[in-house]
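Working notes for the structure below.
The values are calculated or read from the model by the stated rules, or taken from the named source; none is laboratory data. Given the structure is predicted, the values throughout are model-derived calculations rather than measurements. Counting neighbours? That spans all protein chains shown, and the Cβs are built from the backbone with ideal geometry, glycine included. Ligands, DNA and RNA are stripped out before the accessible areas are found, and what is left, the full protein with its side chains, is counted by its heavy atoms. Shrake-Rupley method; radii C 1.70, N 1.55, O 1.52, S 1.80 Å.
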Amino acid sequence: MMRVSNPYLDANTIPIDRPDSIEYAALVSRMRSELAADGCAVVQSILTPEGVTALVTEADAVAPHAHRSSSRTNAYFSQDDEALPKGHPVRRFYDRSIAFVAADRLVAGGPLRGIYDTVGFDGFIRDCLQADPFHRYADPLADVIINSAGAGPGFPWHFDTNDYTVTLAIQVAEQGGEFEYAPNVRTADDEHFDAVTHVLDGTSDRVRTLILQPGDLQIFLGRHSLHRVTPLGGTRPRYVGIFSYVDQPDMVATPERCRQLYGKVMPIHYERAGRRGDVLLD
Ligand SMILES: [Fe+2]
């Protein structure tokens with residue numbers, strides 16, 4: 001169900017209803033510049049006040065259905081390597097507890113899926129990323145989801161395994177929950193473990209802090225930029241919507257990945273298992 005315009009989106013801040021306009025071109029140009037500079041670009045306040053209210057109401061309603069998983073992970077989501085000295089970034093493990101509301105809880109016509117389905121939204125993201133090929137994730141559990149986080153350790157330092165992440169801040173925590181990132185701290189051919197160590201030690205001068213507000217749309221290139229969500233406090237949960245796009249049209253997650261993230265698997269995951277690589281949300 002595609003929506004031509006959406007009263008929850010602010011056409012002044014995200015003019016996707018006018019893709020031929022000067023304003024649209026200027027916004028895309030700014031986003032491309034920011035992505036090129038440090039891998040992070042934000043459109044502030046894309047939601048109307050009614051949109052924020054609707055998305056928070058929806059998130060509150062579905063959050064009890066979030067699937068929680070806990071683990072201890074390093075920044076690389078890899079195994080420990082005892083051959084390396086103690087204190088090496090590969091050997092530093094942090095507690096992680098994440099909860100996702102699966103996509104099948106976010107109904108067609110609902111607030112968050114309605115934004116994903118608005119005509120021009122996908123195209124705007126593609127224009128910012130200059131991604132080609134570019135498809136929506138075909139996974140019925142993962143195309144658009146909500147990350148819900150209460151008081152706790154946040155999401156510790158890591159590099160992403162996917163090229164980019166598209167998120168929409170829905171509600172912020174009372175304390176903490178800032179997004180911190182060290183742009184391009186590693187490259188495709190050099191892990192730069194020394195620089196990573198400085199970030200993990202809290203002694204790096206390369207860390208930037210982003211305090212996203214409800215309605216802020218973020219595109220982040222996380223493969224080479226170490227990043228985290230700082231520990232959270234207070235009773236109000238932090239909600240973030242995540243929109244997923246991939247470079248292959250029929251791609252879905254593996255059954256193992258679905259079970260880990262959402263606590264369930266659908267027939268399509270078994271049918272397509274082994275046909276192609278996984279998409280990781282972290
Ligand atoms: Fe990440």
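For region 159-180, a residue qualifies if it is within 13 Å of the ligand (Cβ to nearest atom), in contact with a Lys or Arg (Cβ under 9 Å, 6 or more places away or on another chain) and more than 14 Å from residue 231 (Cα to Cα), and the qualifying residues are 159, 160, 161, 162, 163, 164. Meeting the requirement of 1 or more residues that are in contact (Cβ under 8 Å) with a residue 24 or more places away in the chain and more than 18 Å from residue 222 (Cα to Cα), the strands (runs of 3 or more DSSP E) wholly within region 135-210 are 144-149, 165-171. Given the condition among the β-branched types (Val, Ile, Thr) and part of a strand (DSSP E or B), answer yes or no: does some residue in region 256-273 qualify? No, there is no match, as no residue in region 256-273 is among the β-branched types (Val, Ile, Thr) and part of a strand (DSSP E or B). For region 215-239, taking the residues that are basic (Lys, Arg) and outside any loop (DSSP other than H, G, I, E, B), the one that is least open to solvent (accessible area, probe 1.4 Å) is identified as 238.
Quick grid of which residues meet (1) within 22 Å of residue 233 (Cα to Cα); (2) touching a helix residue (DSSP H, G or I) at 6+ places or on another chain (Cβ under 9 Å); (3) aliphatic (A, V, I, L, M); (4) open to solvent by less than 70 Å² (accessible area, probe 1.4 Å):
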{"residue": "170", "(1), (2), (3), (4)": "yes, yes, yes, yes"}
{"residue": "176", "(1), (2), (3), (4)": "yes, no, no, yes"}
{"residue": "187", "(1), (2), (3), (4)": "no, no, no, yes"}
{"residue": "191", "(1), (2), (3), (4)": "no, yes, no, yes"}
{"residue": "209", "(1), (2), (3), (4)": "yes, no, no, no"}
{"residue": "213", "(1), (2), (3), (4)": "yes, no, no, no"}
